[in-house]
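*Asks:* Got a structure for you, questions after.
The values are calculated or read from the model by the stated rules, or taken from the named source; none is laboratory data. What you see is a predicted model; the values in this text were computed from it and never measured. Note: ideal-geometry Cβ built from the backbone for every residue, glycine included; neighbour counts use all protein chains shown. The protein model used for the area step is the full one, side chains on, heavy atoms only, and it has no ligands, DNA or RNA in it. Shrake-Rupley method; radii C 1.70, N 1.55, O 1.52, S 1.80 Å.
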Amino acid sequence: MAGRSSNTLVVPQARAALEQLKYEAAQELGIQIPQDGYYGYMATRDTGAIGGHITRKLVQLAEQQLTGFKR
């Protein structure tokens, strides 16, 4: 299963936005994402930091949407 994700998106059209969030999070954290797309050589700490940062951003976006507040 190397290289294939078992995660399926509820809204497949959101894939591009999620990819963009991944690159933004990595840039904000100063982490280089592999150009070939293979994450096997990355430290688990780095991939976890990117995932955690994305989660925080998504929760923040959802909270803003629920309250009608825009930053």
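*Asks:* Which pairs do you get when a residue that is under 16 Å from Gln27 (Cβ atoms) and open to solvent by less than 50 Å² (accessible area, probe 1.4 Å), found in region 38-50, comes within reach of a residue that is in a helix (DSSP H, G or I) and among the charged types (D, E, K, R), reach meaning Cβ atoms under 7 angstrom, with the pair 6+ apart or on two chains?
*Replies:* That search, which allows pairs on different chains as well, returns Ile50/Lys22.
*Asks:* If Ile31 satisfies every condition in (1) in contact with an Asp or Glu (Cβ under 8 Å, 6 or more places away or on another chain); (2) within 19 Å of Ala14 (Cβ to Cβ) but one, which is the exception?
*Replies:* With respect to (1) in contact with an Asp or Glu (Cβ under 8 Å, 6 or more places away or on another chain); (2) within 19 Å of Ala14 (Cβ to Cβ), Ile31 is out only on (2).
*Asks:* Looking only at region 51-67, count how many residues are open to solvent by 60 Å² or more (accessible area, probe 1.4 Å) and more than 14 Å from the chain's Cα centre (by Cα).
*Replies:* Total meeting the criteria: 4.
*Asks:* Looking at region 16-32 only, could you name the residues that are surrounded by 11 or more Cβ atoms within 10 Å (Cβ to Cβ) and either over 23 Å from Val59 (Cα atoms) or among the polar types (S, T, N, Q) (or both)?
*Replies:* Matches in region 16-32: Gln27 only.
*Asks:* Is one or more of the residues making up region 3-15 surrounded by 11 or more Cβ atoms within 10 Å (Cβ to Cβ), at pLDDT below 90 and part of a helix (DSSP H, G or I)?
*Replies:* For region 3-15, residues surrounded by 11 or more Cβ atoms within 10 Å (Cβ to Cβ), at pLDDT below 90 and part of a helix (DSSP H, G or I): present.
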